[in-house]
Amino acid sequence: LDDLACENRMYLPLAALASLVVLGGAAWLGRLPIPGQLRQRVAVGVVASLVSVLGLMTAHRNETYRTEESIWRDTVAKQPLNLRASVNLAQSLKRQGKLKEAIAQLQSAINSTPGASDVHAWASYNLGGMLTAQGNFEEAGRVYADAVRLKPDLMEARMQLARVWRHQGRLKDALAQYQEVLTRDPDHAAAHVDLGTALLQGGAIEEALEHFRVALQAGANDPELHHKVGVALATLGRMDEAVEQFEQALRARPEYAQAHNNLGVLLAEQDKTQEAIAHYVQALA
């Protein structure tokens with residue numbers, strides 16, 4: 001839904017009910033055995049009371065609408081088993097920098113919500129991201145693995161699980177996850193980039209280059225990818241090609257310090273000292 005709050009969608013359906021209340025109230029007042037002038041005063045009093053009560057209720061409800069967090073807190077309070085609402089509340093807390101509270105909220109919601117569904121998988125995926133941001137890679141890996149178990153086609157969870165395992169040095173496990181992603185989606189550019197990075201990390205340079213090329217052909221034309229290709233080419237001794245890749249990375253991101261440094265190294269090896277110094281200066285800057 002595009003709307004964060006959708007209570008306005010009840011306005012038109014409630015029109016008939018409001019009309020019935022008004023007509024019913026008028027009929028009830030008309031049957032009261034009291035003089036007409038007093039009946040009018042009673043009607044005014046009832047209407048004034050209703051307006052006051054509804055006005056107070058509206059003001060109270062507006063407080064709930066004041067922030068995204070307050071809306072989701074209200075939803076969770078009224079529907080504690082609504083896992084989607086808990087995920088949204090946790091995301092709102094995370095955006096405000098309340099990471100510990102967001103993690104606690106999501107962990108509690110997942111543990112207290114019975115059953116297993118796609119929503120549980122997405123909740124685990126979101127929790128994994130928060131744990132990773134916290135630096136808790138061990139727990140993040142376990143949570144991402146839960147998300148993959150619950151929803152095997154949740155490619156985002158597989159990618160993040162592989163990244164966590166790569167960070168932990170579990171290259172074999174990470175490679176298996178990347179291969180699974182590519183088996184399900186052969187054109188997944190990010191998986192090709194990550195798999196190439198893992199292969200490069202493991203010393204399989206030629207294989208890494210093949211995956212980087214596929215990613216480039218798929219449109220993943222970002223400076224970090226060009227930099228990785230440059231590193232792989234330089235490792236193979238293909239210096240001219242490596243220089244071209246580092247230059248492409250710098251055209252896309254002129255302040256890319258690592259690319260400036262690596263390009264400076266290659267230029268120095270080619271006795272292009274002044275050009276190398278210029279890139280070292282840029283790297284330091």
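The values are calculated or read from the model by the stated rules, or taken from the named source; none is laboratory data. These figures come from a predicted structure and were not determined experimentally. Here the Cβ is made from the backbone with ideal geometry for all residues, glycine too, and neighbour counts use every protein chain on show. Quick note on the areas: whole protein, heavy atoms, side chains included, nothing else; ligands and nucleic acids left out. Shrake-Rupley method; radii C 1.70, N 1.55, O 1.52, S 1.80 Å.
Can you pick out the pairs among LYS172/LYS228; LYS100/LYS172; LYS151/LYS172; LYS78/LYS98; LYS172/LYS272; LYS94/LYS172 whose Cα atoms lie more than 29 Å from each other?
Working: LYS172/LYS228 20 Å; LYS100/LYS172 32 Å; LYS151/LYS172 22 Å; LYS78/LYS98 22 Å; LYS172/LYS272 40 Å; LYS94/LYS172 32 Å.
Beyond 29 Å between Cα atoms: LYS100/LYS172; LYS172/LYS272; LYS94/LYS172.
What ³J(HN,Hα) values, in whole Hz, does the Karplus curve 6.51 cos²θ - 1.76 cosθ + 1.60 give for the range 50-58 when θ = phi - 60°, with x put for Gly and Pro?
Once θ is set to phi - 60°, the couplings for the range 50-58 become 4, 4, 5, 5, 5, x, 5, 5, 5 Hz.
Could you check the spin-label model distance between ASP118 and ALA252? Points 7 Å from the Cα along Cα→Cβ, value in nm.
3.2
Be a star and scan the range 241-285 for residues whose amide nitrogen sits under 20 Å from the point 7 Å along the Cα-to-Cβ vector of ASN221.
241-256
Sort 82-90, 269-277, 135-143 for me by packing, meaning the mean count of neighbouring Cβ atoms within 10 Å per residue, highest on top. It would help to have the intermediate numbers written out before the result.
Values: 82-90: 21.4, 269-277: 12.6, 135-143: 17.2.
Highest mean packing first, the order is 82-90, 135-143, 269-277.
Given 37 °C and 0.692 mPa s, compute D for the range 93-208 with the Stokes-Einstein relation, Rh being the Kirkwood radius over Cα pairs; round to the nearest whole µm²/s. Don't jump to the answer; show the numbers that get you there.
Working: Rh = 14.7 Å.
Stokes-Einstein gives a translational diffusion coefficient of 223 µm²/s.
How large is ³J(HN,Hα) for each residue in the range 264-275, as worked out from phi by the Karplus curve 6.51 cos²θ - 1.76 cosθ + 1.60 (θ = phi - 60°), to whole Hz, x for Gly and Pro?
After applying 6.51 cos²θ - 1.76 cosθ + 1.60, I find x, 4, 5, 5, 5, 5, 8, 6, 9, 4, 5, 5 Hz.
In a Gaussian network model over the chain where Cα atoms closer than 10 Å are linked, find which of ALA259, ALA59, ALA104 has the largest mean-square fluctuation.
Comparing ALA259, ALA59, ALA104 in the GNM, the peak value goes to ALA59.
So how tilted is helix 99-112 from the main axis of the chain? Cα-based, degrees 0 to 90, rounded to 10.
70
Compute the long axis of helix 239-252 from its Cα atoms, compare it with the longest principal axis of the Cα atoms of the chain, and write down the angle in degrees, 0 to 90, nearest 10.
30
Please find the FRET efficiency linking GLN168 to ASP271, where r is the Cβ-Cβ separation and R0 is fixed at 51 Å, and quote it to the nearest 0.05.
About 0.75, to the nearest 0.05.
So, with a 1.4 angstrom probe, what is the percent of accessible area on the range 105-240 that is carbon and sulfur? Write down the numbers at each step before the final one.
Values: 3060 of 6250 Å².
The nonpolar share, carbon plus sulfur, comes to 49 percent.
Report the semi-axes of the equivalent ellipsoid for the range 71-160 in whole Å, largest first, where each axis is √(5λ) for an eigenvalue λ of the Cα gyration tensor. Show your work: numbers first, answer last.
Details: eigenvalues 78, 52, 19 Å².
Each semi-axis is √(5λ); the values are 20, 16, 10 Å.
Report the extension gain between TRP28 and THR58 in nm, rounded to one decimal, defined as 0.36 nm multiplied by the number of residues separating them, less their alpha carbon distance. List each step's numbers first, then the result.
On the way: separation 30, 0.36 × 30 = 10.80 nm, distance 2.66 nm.
Here the answer is 8.1 nm.
How much length would be gained if the chain were fully extended between GLU138 and GLN96, taking 0.36 nm per residue of separation minus their Cα-Cα distance, in nm to one decimal? If you can, show how the numbers build up before the last one.
Values: separation 42, 0.36 × 42 = 15.12 nm, distance 2.45 nm.
Length gained between GLU138 and GLN96: 12.7 nm.
Send over the Kirkwood Rh of the chain, from the inverse of the averaged 1/r over different Cα pairs, rounded to one decimal Å. Spell out each step's value before the answer.
Values: mean 1/r = 0.0414 Å⁻¹.
Evaluated over the chain, this radius sits at 24.1 Å.
Starting from the Cα of LEU17, step 7 Å along the direction of its Cβ; do the same at LEU50; then give the gap between the two resulting points in nm.
1.4
For a Förster distance of 41 Å, can you work out the FRET efficiency between the beta-carbons of GLN179 and ALA77, rounded to the nearest 0.05?
0.40
What does the helix-only formula give at 222 nm for the chain: each DSSP H stretch with n ≥ 4 adding -39500 (n - 2.57), the total divided by the residues, and the result rounded to the nearest 500 deg cm²/dmol?
-26000 deg cm²/dmol
With θ set to phi - 60° and the Karplus curve 6.51 cos²θ - 1.76 cosθ + 1.60, what are the ³J(HN,Hα) couplings of the range 214-221 in order, to the nearest whole Hz, using x for Gly and Pro?
4, 4, 4, 5, 7, x, 7, 9
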